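See structure below.
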Amino acid sequence: RVHGGLDKTVLTREILSQILANTFRVETFGEEMNQIHAYPADSDVPLDKPETFLRDLTAINHCEERLEAFNFLQLFPEMLEDVEPPLQLILKALEQIDTSTAFRQTLHIVLSVGNYLNGNTARGQADGFELDALKKIEDTKDITNKITVFEYIVGLVRDKFPAAAALPEELSAVDEARKTGLQDLEARVNSLKAKVTTVSDLVHKAVESMDPADPFVVRMPEFCDEAGATLERLSQDLETAKAKYRDVLLFYGIPKGKVDSIPIEDFLGDIASFAEGFKGYYIKLERAAEKAAKEAAAAAKAAAKASGSASAAAPGAAGGRAEKEKKAKGAKIGGGADPIADLLNSLTMAKAV
């Protein structure tokens with residue numbers, strides 16, 4: 001395609017960059033060109049090819065403006081790709097965090113377990129907790145020192161609250177979104193916006209003295225206007241993301257005084273880490289359950305095929321086994337009453353979230 005009389009297949013980005021880097025962007029270029037243009041046309045020693053090329057190049061009407069504008073036209077899609085997708089991803093991640101019922105229900109469970117573990121202390125009567133506490137429960141083990149509180153919670157979700165198992169899927173954009181900060185994106189948007197303004201001013205000034213039929217006049221002002229509109233939209237999206245992030249922080253109990261000091265990449269990183277760990281341990285539980293089911297089926301099949309009938313279990317042995325099972329069901333993750341009944345009662349509202 002040809003834009004402004006310049007062919008992308010001939011003037012590639014690499015060639016354009018080399019031309020600009022060695023001509024108009026060189027501080028002494030103007031002085032060198034004055035010497036070339038002053039060189040006698042009837043001299044017995046003709047100009048070398050490089051000097052002849054530069055003479056012919058600069059003879060083109062508004063050559064510098066054409067090259068700079070066309071170079072920016074080719075770079076703009078890549079520069080836009082560096083801004084728009086990560087910004088839209090952050091907006092999507094914030095929306096997921098704000099609307100995920102699985103995430104809210106899981107937080108209810110975390111709060112209830114935390115209150116149980118803290119018993120009758122002041123910490124055991126909490127109405128909420130800061131989200132960075134999600135990292136701590138991964139390292140906090142139960143009274144038997146066999147599983148962590150995090151693993152217990154994931155198991156509880158699997159057994160009693162299966163709807164909350166959708167947490168990783170409902171927060172699917174968070175992990176990728178955490179890779180870019182809002183401050184970084186704002187700097188990119190402002191930088192690109194400034195470049196669009198600079199090129200747009202250059203183009204609109206140049207076309208004033210050009211032939212209206214010139215391809216540059218036909219195409220480049222339109223491109224600059226479109227690029228400017230795109231950057232205005234991105235600026236609005238950026239402000240929306242900043243406001244949305246603030247609202248989400250406040251919704252999840254972050255004090256107003258701390259809101260501006262929490263980088264979004266840290267906030268999203270904590271949630272992404274929790275969701276990733278949740279998914280990994282949930283899969284582990286599923287595989288363990290499948291393995292246990294297969295082993296139980298195989299054992300039952302082997303027993304059925306065994307010669308003779310199985311010896312009847314002694315009443316005392318059966319009673320002992322029943323007592324062990326009863327104790328196992330009442331196992332606690334901390335001191336005090338059995339947590340399951342209390343937890344299920346406290347989660348009545350969470351089921352409806």
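The simple spin-label model puts a point 7 Å past each Cα toward its Cβ; for A187 and K258 those points are separated by 2.6 nm. Please work out the C-alpha center-to-center distance from region 127-196 to region 96-112 and express it in whole Å. Region 127-196 and region 96-112 have Cα centres separated by 11 Å.
Working note: Cα atoms of region 136-179, range along each principal axis, descending, whole Å: 37, 26, 10. Computed over protein heavy atoms with a 1.4 Å probe, the carbon and sulfur contribution to the accessible area of region 20-81 reaches 52%. Count Lys and Arg as plus one, Asp and Glu as minus one, and take only other residues whose Cβ is under 14 Å from that of A229; the net charge is then -4.
Between Y245, F267, A229, the Cα set farthest toward the positive side of the dipole of region 196-306 (charges on each charged residue's Cβ, about the Cα centre) is that of F267.
In this Cβ point-charge picture (+1 for Lys and Arg, -1 for Asp and Glu), region 167-233 has a dipole of about 260 debye about its Cα centre. Calculated accessible area for region 154-313 comes out at 56 Å² per residue, all protein chains present (probe 1.4 Å; ligands, DNA, RNA ignored). Take the alpha carbon atoms of region 10-79, find their center, do the same for region 247-279, and report the distance between the two centers in whole angstrom. Each part reduced to its Cα centre gives a spacing of 52 Å.
Report the local net charge at E286: Lys and Arg +1, Asp and Glu -1, summed over other residues whose C-beta lies under 14 Å from its C-beta.
Numbers: positive: R158, K279, K284, R287, K291, K294; negative: E151, D159, E290.
Every neighbour counted, the sum reads +3.
Is region 150-230 rounded, prolate or oblate when judged by the Cα gyration tensor, a ≥ b ≥ c being the square roots of its eigenvalues, rounded requiring a/c under 1.5 and prolate requiring a/b larger than b/c? Judged from the Cα gyration tensor, region 150-230 comes out prolate (a/c at least 1.5, a/b above b/c).
The values are calculated or read from the model by the stated rules, or taken from the named source; none is laboratory data. Note that this is a predicted model, so its numbers are computed, not measured. Note that each Cβ is placed from the backbone with ideal geometry, even for glycine, and that neighbours are counted across all protein chains shown. These accessible areas exclude ligands, DNA and RNA; they are computed on the full protein's heavy atoms, side chains included. Shrake-Rupley method; radii C 1.70, N 1.55, O 1.52, S 1.80 Å.
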